[in-house]
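See structure below.
The values are calculated or read from the model by the stated rules, or taken from the named source; none is laboratory data. Fair warning: this is a prediction, and the values are worked out from it, not measured in the lab. Positions of Cβ are generated from backbone atoms using ideal geometry, with glycine treated the same way; all protein chains shown enter the neighbour counts. Remember, those area values only see protein heavy atoms, side chains included, never the ligands or the DNA or RNA. Shrake-Rupley method; radii C 1.70, N 1.55, O 1.52, S 1.80 Å.
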Amino acid sequence: MFDFDKLVGSIYDCAANPELWPATLNRVRDEIGTAYVMVGYSDMSPTLCQQQPIFTFQHSEWDHERLVELESWAQQVPGKENLLDGSIDRAWTMMTQLPFSELKKTDFYKGWLGPQGLTDNVVVPFLCRKHVFGLFSSVLHISKGNEVSVGQCRLAERLSPHIRRAMMINEIVDKGYLALALYRKVLDTLSVPIFIVGAGQRLVFCNASADELLSGGSYFTAPAGILKARQVAGQPTALDDALDRAAMGDVAVGISGIGIPLIGKHGERAAAYVLPIAGNDIRRALGLGHCAVFVAQRGEQQPMGIEILRTMFDLTVQEARVATLIAKGDGPQAIAEALNVSVNTVRSHLQHAFAKTSVSDQSALGALVNGLMPPVA
């Protein structure tokens, strides 16, 4: 029987050791029932790599050269313009863009899909920011049919937040040390702040960078040895909830702890990513605690609005999108037209957002969202 918890645990192991990605993605491929799966991460931040984009990807067993070649076909993917619309964790499939009979007439099918015996593709954006984006892709073989099923889409969507956590931690920590970072003595050599937190949110260990961050008192405090995010008046902290959930296991943490916004005493911003480490021998080697907290301070590693709202209030993707549009000043009718849904659907999402964020009207929701968003240059 399919063990979702165990599969998620394998994904989190990849956060500690990225060499495990190929084997883990083989398992993901087998559970989804497709020909191969791939996770790609692109960082086009102008401050990196002398303004040259950085693109990395991991994949299950397949022709590596063919997958490298896929980058040159990206502009010819049918319906690509509808893919990167900010709808993180929501599945997009090629068959929703055009029927298979029409797909077979495209250059993309004739030159790339068809020769490999591939048909439909389910793609889930797990990250979508100004300079950084990530895609989780799973492609169907013609022997399994022409169209990805609803069940395959839902499983890909469930896995997407966990892939985001693992990939972001891969990118935050110096890649040269990731495989070694299982040993606490090595953690001190990393420039990224890392806290190890045990039962009751007690601080078990912090590397030199984290100790310096804690001493500065900007983002965190540790009263009686308990790690706490600095509380901003009128704004909740999601760190306590994420640490509690992480202590209960890999699946329990869910989307909690993915890009928790941290606001310093002078208004500076950072983000925290919480990784459960109690569920597997590989991650337990980090220490005796239940979770590790990685702190991202680069601007391109900061969470976007939808991620923040999902992390802090457990909003669905659509509820978060409605809330961010309300914060921009749009009304229900304009939002309904933008999202191609009915006004009643928008109002339903608003009511759910009100309940989850403990506000009573659109103005209060907009003020809350705007108070949490990272500053825009």
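Across ILE32, ILE142, ILE163, mean-square fluctuation computed from a Gaussian network of the chain (C-alpha pairs under 10 Å connected) peaks at ILE142. Amide H contacts of PHE220: ARG230, each under 5 Å away and 5 or more positions distant or on a separate chain (H built 1.01 Å from N in the peptide plane; Pro and chain starts excluded).
Rounded to the nearest 0.05, the FRET efficiency derived from the C-beta distance between PHE100 and HIS131 at R0 = 56 Å is 0.95. Using label points projected 7 Å from each Cα along Cα→Cβ, tell me how many nm separate SER143 and ARG66, to one decimal. With each label point 7 Å from Cα toward Cβ, the separation is 1.2 nm. Residues whose amide H comes within less than 5 Å of that of LYS130, counting only those at least five positions distant or on another chain, are absent (H built at 1.01 Å from N in the peptide plane).
Express the carbon and sulfur contribution to the solvent-accessible surface of the chain as a percent, rounded to the nearest whole number, probe 1.4 angstrom. Provide the component values of the computation, followed by the final result.
Numbers: 8490 of 16230 Å².
Roughly 52 percent of what the probe reaches on the chain is carbon or sulfur.
Summarising the label geometry, the points placed 7 Å from Cα in the beta-carbon direction at GLU81 and THR189 lie 5.0 nm from one another. Going Cα to Cα from LYS228, which lysines come in below 16 Å? Please leave out same-chain ones fewer than 8 positions away. Within the straight-line cut-off, LYS228 pairs with LYS265. Net length available on complete extension from VAL150 to ALA208 is 16.2 nm, with 0.36 nm assigned per residue and the Cα-Cα distance removed.
Between THR56 and LYS328, the modelled label-to-label distance comes to 3.1 nm, taking each label 7 Å out from Cα in the direction of the beta carbon. Backbone amide hydrogens, once placed in the peptide plane, bring ARG269 within less than 5 Å of GLY264, excluding anything fewer than 5 places away on its chain. Which entries of LYS105/LYS144; LYS104/LYS144; LYS80/LYS356; LYS328/LYS356 show an alpha-carbon separation above 23 angstrom in the structure shown? As for pairs spanning more than 23 Å Cα to Cα, those are LYS80/LYS356.
Between ALA222 and ASP107, the FRET efficiency from the beta-carbon distance, with R0 = 56 Å, is close to 0.45. Say R0 is 35 Å: what FRET efficiency, to the nearest 0.05, do ALA338 and ARG298 get from their beta-carbon distance? The calculated FRET efficiency here is 0.70. Only helices enter the 222 nm calculation for the chain: every DSSP H run of n ≥ 4 contributes -39,500 (n - 2.57), and dividing by all residues gives -11500 deg cm²/dmol, rounded to 500. For the chain, the solvent-accessible area works out to 43 Å² per residue, with a probe of 1.4 Å and every protein chain left in place.
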